[in-house]
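Taking it in order: structure first as structure tokens, then the write-up.
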Amino acid sequence: MKRYIIKRLLMLIPVLLGASILAFSLIHLAPGDPARTIAGEHASVQTIEKVRIKYGLDKPLITQYWIWLKQALRGDFGRSIVSNEYVSKEILSRFPNTVELTLFSMFIAIVVGVLAGIISASRQYSLLDYGFMGIALFGVSMPVFWLGIMLMMIFGVFLRWLPISGRIDITIPFTKITGLYLIDSIITGNWAAFISSLRHLILPSLALGTIPMATIARITRSSMLEVLKQDFIRTERAKGLPERTVIYKHAVRNALIPVVTVIGLNFGLLLSGAILTETVFSWPGVGRYVVNAVQMRDYPAVQGCVLFFAFIFVVVNLITDIVYVYIDPRIKYQ
């Protein structure tokens, strides 16, 4: 196992190198002049040239890339053109918000998706099966931004049950410790902040978790149906074990490998920035930061975020592979 983990960690190097080249190339080859964007639309030629020299845009692309890569290896993605803050600091300050949104969304997706898949498989071709899989198909097909707007209109505008944007009620005093609002409010005993944070978290989590929930439900059902056809399941039933024991103790564990794969992939994707959801709900996470950076042509911020996302995604995939061993001891990595 240790050799496998070391090997996978070494494989991060070419993956991240490729991601850095892609991020750097796309942002610099995009139409428009970054120096003119930074200086302003009505800036003079002299001002634009000074900006070009200040940010090293007068150098060849390969030289610019090498300078940026050396800084990135030290964890320095440069300074944001818009705020003049370090990009790494900007990302880390927003990342806990994205983490909390992702964890809450995946919790909903896993609990509902796995249970729906198990029930559908154990009652194949029943009304419950057709109902759950119909909802799952609807969820997979649903655009996230449209679902988010509908949730805002129904529960925020018409019913006025939940807030439609933001992270917490601005009138509530709050002390940041970890950056995870629910945990920080519990640590400080600020229950008003806890309730407000939870209420702000519900709608974006539902919107973000819908597609993973539907995918997990469909994969769980398919995997469970395959396991339920196996000989050892027939043997367990022949022994007279209760159907609940057969399903939840023996079948579920053997059906989890493809489910864990889907969970890991979705978790990595969501953790890498829930761009649409964070934009629709004005959620102060990394995804919204990227959207603003792209709109402002803040190329140091875009490059830093892409490289950060790539690192998060491959690390989550590595953790997923390791989890396989604990779910199924028959899996051995050489």
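Some notes on this structure:
- Residues in the stretch 71-98 that are polar (S, T, N, Q) and outside any loop (DSSP other than H, G, I, E, B): Q71, S88, S93, N97, T98.
- For S93: the one exception among (1) open to solvent by less than 60 Å² (accessible area, probe 1.4 Å); (2) under 22 Å from the mean Cα position of the chain (by Cα): (1)
- Subset of the stretch 272-301 [surrounded by fewer than 23 Cβ atoms within 10 Å (Cβ to Cβ) and among the hydrophobic types (A, V, I, L, M, F, W, C)]: I275, L276, V291, V294, M296
- Selected residue (only one of I172, I149 is touching a residue at least 24 places away in the same chain (Cβ under 8 Å), in a loop (DSSP other than H, G, I, E, B) and either in contact with a helix residue (DSSP H, G or I) (Cβ under 6 Å, 6 or more places away or on another chain) or open to solvent by 60 Å² or more (accessible area, probe 1.4 Å) (or both)): I172
- Test: residue in the stretch 60-76 that is open to solvent by less than 30 Å² (accessible area, probe 1.4 Å), touching a strand residue (DSSP E or B) at 6+ places or on another chain (Cβ under 9 Å) and under 21 Å from V306 (Cβ atoms): no
- Residue pairs meeting the criteria (Cβ under 9 Å; at least 6 apart or on separate chains; first free of Cβ contacts under 8 Å to residues at least 24 places away in the same chain, in the stretch 241-255; second in a helix (DSSP H, G or I) and of a type in the set (D, E)): T245/E236; V246/E236; K249/E236; H250/E236
- Of the residues making up the stretch 44-97, those that are touching a residue at least 12 places away in the same chain (Cβ under 8 Å) and of a type in the set (F, W, Y) are Y55, Y65, W68, F77, F95.
- Residue check, V260 under 23 Å from F132 (Cβ atoms) and within 21 Å of the chain's Cα centre (by Cα): yes
- Among residues of the stretch 231-248, those that are touching a His at 6+ places or on another chain (Cβ under 9 Å) and of a type outside the set (F, W, Y), counted: 3
- Residues in the stretch 277-317 that are part of a helix (DSSP H, G or I) and of a type in the set (G, A, S): G287, A293, A301, G304, A310.
- Test: residue in the stretch 27-44 that is surrounded by fewer than 18 Cβ atoms within 10 Å (Cβ to Cβ) and touching a Phe, Trp or Tyr at 6+ places or on another chain (Cβ under 8 Å): yes
The values are calculated or read from the model by the stated rules, or taken from the named source; none is laboratory data. Being a predicted model, the structure only gives us computed values, none of them experimental. Positions of Cβ are backbone-derived with ideal geometry, glycine not excepted, and every protein chain shown enters the neighbour counts. To get the accessible areas, we keep the full protein, side chains included, count just its heavy atoms, and leave off ligands, DNA and RNA. Shrake-Rupley method; radii C 1.70, N 1.55, O 1.52, S 1.80 Å.
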